[in-house]
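Working notes, structure below.
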Amino acid sequence: MVPECVDLGRQIAAAGFTVYMPLLFDQPDRPFSVVKTLGLVAQLCISQEFYCFAKHQSSPITQWLKALCRKAHQDCGGPGVGVIGMCLTGGFVLSLMADESVLAPVASQPSLPIGMTGGHRAALGVSQDDLEAAKARADAGVPLLAIRFSEDSTSPKERFDTLRQTFGGTPEVVRDDDVMCRKRGKALETIEINSGPGNPFGISPRAHPALTLELRQAGHPTREAFERVLGFMQEQLR
């Protein structure tokens, strides 16, 4: 929960939402460090709560997160809750979609399972039961929003291809230019921000956290992606 993550929560709250920020590992509000992050990932790889390499199993921590979603819904009322998973937690929203309290799931740069093989890069890291439940919720009208940078090897293109295959349908191309590719179908909307060579905003090919460390001000594609997240939540929750 780096300062940029906390700031994201504040910005969402400023838009009129109540925000719950579960602390799943490390200490809150500490600056990002590559070395420290690698150490945390190493710890999580042997954790009993996070399945970092499992292609078709849901991490046990998602059961606790489902309970948190139900508590948030009970606390706040309204039609339901939105969830934003980022990086290691990005794919968790597929498991959370199985819970009826979740109406606005957002998967930002989903990174599990870690892409050791082609099969890992394409996998969603969710159990078959949870995936079937998520598909049923999508068929019932609960869409999924997914975001990544185009060259992000940590959140590989193959995973987004699997998402499109899983949630089906031929998506409408909302935007496709040298800045971003945005496609929207009945059950899945994807945003891929151009981080390739020569992109007009000079985004690094190593760019990864679209809504936090890489988030910029108005006019930048990351800000456009953030505004779409807010719009998506407003559409689903209000």
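Read-outs: derived from the displayed coordinates by stated rules, not from any lab. Because the structure is a prediction, the values reported are computed rather than measured. With ideal geometry, Cβ positions are generated from the backbone for all residues, glycine too; neighbour counts draw on all protein chains shown.
Overview of results
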read-out	value
The chain: DSSP helices with Cα axial extent of at least 18 Å and average Kyte-Doolittle hydropathy no lower than -0.5	61-76, 221-237
Distance (nanometres) between label positions extended 7 Å along Cα→Cβ at ILE114 and ALA136	3.4 nm
Ranked by how many other beta carbons lie within 10 Å on average, peptides 19-27, 3-11 from highest	3-11, 19-27
Gyration tensor (Cα) of region 161-238, equivalent ellipsoid semi-axes in angstrom	22, 17, 11
Descending semi-axes in Å of the chain, equivalent ellipsoid built from Cα gyration tensor	23, 21, 20
Sequence-distant lysines (8 or more away, or on other chains) whose Cα lies within less than 24 Å of LYS157	LYS55, LYS135, LYS183, LYS186
Protection proxy ranking of 152-162, 71-81 - average other beta-carbon atoms within 10 Å, highest first	152-162, 71-81
Principal semi-axes in Å for region 101-228 [√(5λ), Cα gyration tensor, largest first]	24, 17, 13
Within-10-Å neighbourhood charge of GLY115 [Cβ basis; K, R +1; D, E -1]	+1
Per-pair calculated FRET efficiency, R0 = 22 Å: ASP75 and GLN43 via Cβ, rounded to 0.05	0.10
DSSP-defined antiparallel bridges as percent of all bridges, the chain, nearest 5	40 percent
Extension gain from GLU172 to GLN11, taking 0.36 nm per residue of separation minus the Cα-Cα distance	55.0 nm
Amide H partners (placed H, <5 Å) of VAL174, local residues excluded	ARG182, LYS183, ARG184
Mean shadow area of region 56-116 over all directions, Cα convex hull, nm²	4.0 nm²
Shape call, region 1-90: gyration tensor on alpha carbons, a/c limit 1.5	oblate
Region 62-88-region 155-232 distance, computed between alpha-carbon centres (Å)	24 Å
Charged-residue dipole, Cβ positions (Lys, Arg, Asp, Glu), region 49-237 about Cα centre, Debye nearest 20	100 debye
